[in-house]
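*Asks:* The following block contains the structure, expressed as structure tokens.
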Amino acid sequence: MKEILSTVDNWLAEGKRVAIARVIGVEQSGPRDPGATMAVSEDGEVAGSVSGGCVEGAVVTEALEVLATGVARRCSFGYSDDQAFAVGLTCGGTVHLLVEPLDW
Amino acid sequence: MSGEIYQELRHSLLSGEPVGLVLVTRVADEVAALTPLASKLLVRPGATVLGTLGEPELDRVASRDALAMLERGVSGTRHYGSRGEARREEIEVFVESFVSPPKLIIFGAVDFSRALVDVAKVLGFVVTVCDARPVFATRARFPKADEVVVDWPDRYLEQVGPSLGPRDAVCVLTHDTKFDVPAIIGALATNVGYLGAMGSRRTHDKRWERLLEAGASEDDLRARLMSPIGLDVGARTPEETAVSICAEIIAVRSGRAQGAMTPLRDGSGPIH
């Protein structure tokens, strides 16, 4: 989380709203451990990461929805053959995230 | 916009003070009104708990557990009943422990040490170089070290040894048994997670004898001392050797330093 602080500070100083996505669980294989954090500004800017780049795009969408509704949500990204076009981890694992507005 | 919990978390992270965050990550429908998703607590040793999970008894139990996890430097998921009961599942929390960065102590102010300082800093270690010889142990020779100490290894370890833990590392690079042996004996008396000593096979064999003579237990040495230090990547230069040592520190910490280390290409099984 420390690595995203200075960027988040800049966004807050500019008066932007910010969402935080945090890895809260990994099943089987996952590129980032629980605790990995990504911040998304209301303009869609990104700091940090929650995977090896596999799901960050989808997390931005989730984060912007969270900022729009103001309500935290849990979401998971995995991989299965029948979801070949869905967003997932290419490594075969599942990553669970909590996405929330930074209003605390 | 951001509030007190974020500000205090930010302050602790930037100052390197230990801090734990309890985050509600799943909650049964019937208790979600009291304990909403993403409710949180911030715990710090010796300081007031910030935030609430919506129920005083749950706050008490969760903050107690989070402080215990912070002390051990571990993060993870826990489950509670709506009032903090054990063996219940209504509430799932993720407890994240933010602890101070790991420490690396390098004994021996040699060229290999300078390269090891550089690589260890990339990995986030707080690095101390210690050597009894003041002409070598200078700030100018180790500009990236967090600390350069002129002292004997055993005396220095008596002072800082109790603060070393499983995430920390000691590398003995002096090549000189009169420094090596007391450094290794001193490090074995600590809980340091990684202990390595540089030297050729011949140096290693002679040092092993000296260590046994000095009272080290053979079981301890076999279990804990990585000597000759480093993974066998064919390193020659100080910089390459530093990479080999740091790779070994990672391998020991992740429990992969058993048996032959092979390229991932030639292995099987999960990578993460």
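The values are calculated or read from the model by the stated rules, or taken from the named source; none is laboratory data. As the structure is a computational prediction, the values presented were derived from the model and not from experiment. Please note: Cβ atoms are built from the backbone with ideal geometry, for glycine as well, and neighbour counts cover all protein chains shown. What goes into the accessible areas is simple: the full protein's heavy atoms, side chains included, and nothing from ligands, DNA or RNA. Shrake-Rupley method; radii C 1.70, N 1.55, O 1.52, S 1.80 Å.
*Asks:* Tally time: how many residues in the range B:158-186 are more than 14 Å from B:Ile106 (Cβ to Cβ), in contact (Cβ under 8 Å) with a residue 60 or more places away in the chain and buried (at least 21 other Cβ atoms within 10 Å of the Cβ)?
*Replies:* Within the range B:158-186, residues that are more than 14 Å from B:Ile106 (Cβ to Cβ), in contact (Cβ under 8 Å) with a residue 60 or more places away in the chain and buried (at least 21 other Cβ atoms within 10 Å of the Cβ) number 0.
*Asks:* Next question, about the same structure. Which residue out of B:Leu195, B:Leu188, B:Leu173 is touching an Asp or Glu at 6+ places or on another chain (Cβ under 8 Å) and assigned by TED's automatic domain parsing to the domain that holds B:Leu123?
*Replies:* Numbers: B:Leu195 fails: touching an Asp or Glu at 6+ places or on another chain (Cβ under 8 Å); B:Leu173 fails: touching an Asp or Glu at 6+ places or on another chain (Cβ under 8 Å).
Residue meeting the stated conditions: B:Leu188.
*Asks:* Moving on to the next point. Quick check on this structure: which one of A:Gly30, A:Gly53, A:Gly25 is open to solvent by less than 50 Å² (accessible area, probe 1.4 Å) and either within 16 Å of A:Leu102 (Cα to Cα) or part of a loop (DSSP other than H, G, I, E, B) (or both)? Walk me through how you get there before you give the answer.
*Replies:* Working: A:Gly53 fails: open to solvent by less than 50 Å² (accessible area, probe 1.4 Å); A:Gly25 fails: either within 16 Å of A:Leu102 (Cα to Cα) or part of a loop (DSSP other than H, G, I, E, B) (or both).
Among A:Gly30, A:Gly53, A:Gly25, only A:Gly30 is open to solvent by less than 50 Å² (accessible area, probe 1.4 Å) and either within 16 Å of A:Leu102 (Cα to Cα) or part of a loop (DSSP other than H, G, I, E, B) (or both).
*Asks:* Another one. Could you check how many residues of the range A:77-104 are within 15 Å of A:Met38 (Cβ to Cβ) and either modelled with pLDDT of 65 or more or surrounded by 20 or more Cβ atoms within 10 Å (Cβ to Cβ) (or both)?
*Replies:* Qualifying residue count, the range A:77-104: 10.
*Asks:* For B:Arg141, which of the numbered conditions (1) open to solvent by less than 60 Å² (accessible area, probe 1.4 Å); (2) modelled with pLDDT of 95 or more fails to hold?
*Replies:* Evaluating B:Arg141 over (1) open to solvent by less than 60 Å² (accessible area, probe 1.4 Å); (2) modelled with pLDDT of 95 or more leaves (1) as the failure.
*Asks:* Within the range A:51-66, is there a residue that is at pLDDT 95 or above and within 11 Å of chain B (Cβ to nearest Cβ)?
*Replies:* Yes, the range A:51-66 contains a residue that is at pLDDT 95 or above and within 11 Å of chain B (Cβ to nearest Cβ).
*Asks:* Further, regarding this structure: Within the range B:204-216, is even one residue closer than 26 Å to B:Ala115 by Cβ, of a type in the set (D, E, K, R) and open to solvent by less than 30 Å² (accessible area, probe 1.4 Å)?
*Replies:* yes
*Asks:* So, in the range B:241-269, how many residues would count as being surrounded by 10 or more Cβ atoms within 10 Å (Cβ to Cβ) and outside any helix (DSSP H, G or I)? Full working, then the answer.
*Replies:* Residues of the range B:241-269 surrounded by 10 or more Cβ atoms within 10 Å (Cβ to Cβ): B:241-253, B:256-257, B:261, B:267.
Going one step further and asking which of them are outside any helix (DSSP H, G or I), we end up with B:256-257, B:261, B:267.
Summing the residues that are surrounded by 10 or more Cβ atoms within 10 Å (Cβ to Cβ) and outside any helix (DSSP H, G or I) in the range B:241-269 gives 4.
*Asks:* Follow-up. Criterion first (open to solvent by 50 Å² or more (accessible area, probe 1.4 Å) and assigned to a strand (DSSP E or B)) does B:Arg26 satisfy it?
*Replies:* yes
*Asks:* Among the numbered criteria (1) among the β-branched types (Val, Ile, Thr); (2) assigned to a helix (DSSP H, G or I); (3) within 21 Å of B:Lys178 (Cα to Cα), which one does B:Ile229 miss?
*Replies:* Failing condition for B:Ile229: (2).
*Asks:* So which of B:Ala137, B:Ala115 is within 20 Å of B:Thr177 (Cβ to Cβ), among the aliphatic types (A, V, I, L, M) and in the same structural domain as B:Pro238 (by TED's automatic domain parsing)?
*Replies:* B:Ala137 is the lone residue from the list that is within 20 Å of B:Thr177 (Cβ to Cβ), among the aliphatic types (A, V, I, L, M) and in the same structural domain as B:Pro238 (by TED's automatic domain parsing).
*Asks:* Still on this structure, I have one more. Output the residue which, of all residues in the range A:7-22 that are surrounded by 15 or more Cβ atoms within 10 Å (Cβ to Cβ), of a type outside the set (A, V, I, L, M) and at the interface with chain B (Cβ under 9 Å from one of its Cβ atoms), is nearest to A:Glu65 (Cα to Cα). It would help to see each step written out before you state the result.
*Replies:* Just the residues of the range A:7-22 that are surrounded by 15 or more Cβ atoms within 10 Å (Cβ to Cβ), to begin with: A:7-8, A:11-12, A:16-22.
If we keep only those that are of a type outside the set (A, V, I, L, M) as well, we get A:7, A:11, A:16-17, A:22.
Still in the running and at the interface with chain B (Cβ under 9 Å from one of its Cβ atoms): A:16-17, A:22.
Working: A:Lys16: 15, A:Arg17: 12, A:Arg22: 16 Å.
Checking each candidate, the answer is A:Arg17.
*Asks:* Among the listed residues B:Val122, B:Val110, B:Val126, B:Val93, which satisfies the condition of being among the aliphatic types (A, V, I, L, M) and buried (at least 22 other Cβ atoms within 10 Å of the Cβ)? Spell out the reasoning first.
*Replies:* Numbers: B:Val122 fails: buried (at least 22 other Cβ atoms within 10 Å of the Cβ); B:Val110 fails: buried (at least 22 other Cβ atoms within 10 Å of the Cβ); B:Val126 fails: buried (at least 22 other Cβ atoms within 10 Å of the Cβ).
Being among the aliphatic types (A, V, I, L, M) and buried (at least 22 other Cβ atoms within 10 Å of the Cβ) holds for just one of B:Val122, B:Val110, B:Val126, B:Val93, which is B:Val93.
*Asks:* For the range B:39-106, give me every one of the strands (runs of 3 or more DSSP E) that falls completely inside it and has 1 or more residues that are at negative phi and in contact with a His (Cβ under 7 Å, 6 or more places away or on another chain).
*Replies:* Of the strands (runs of 3 or more DSSP E) lying wholly inside the range B:39-106, those with at least 1 residues that are at negative phi and in contact with a His (Cβ under 7 Å, 6 or more places away or on another chain) span B:91-98.
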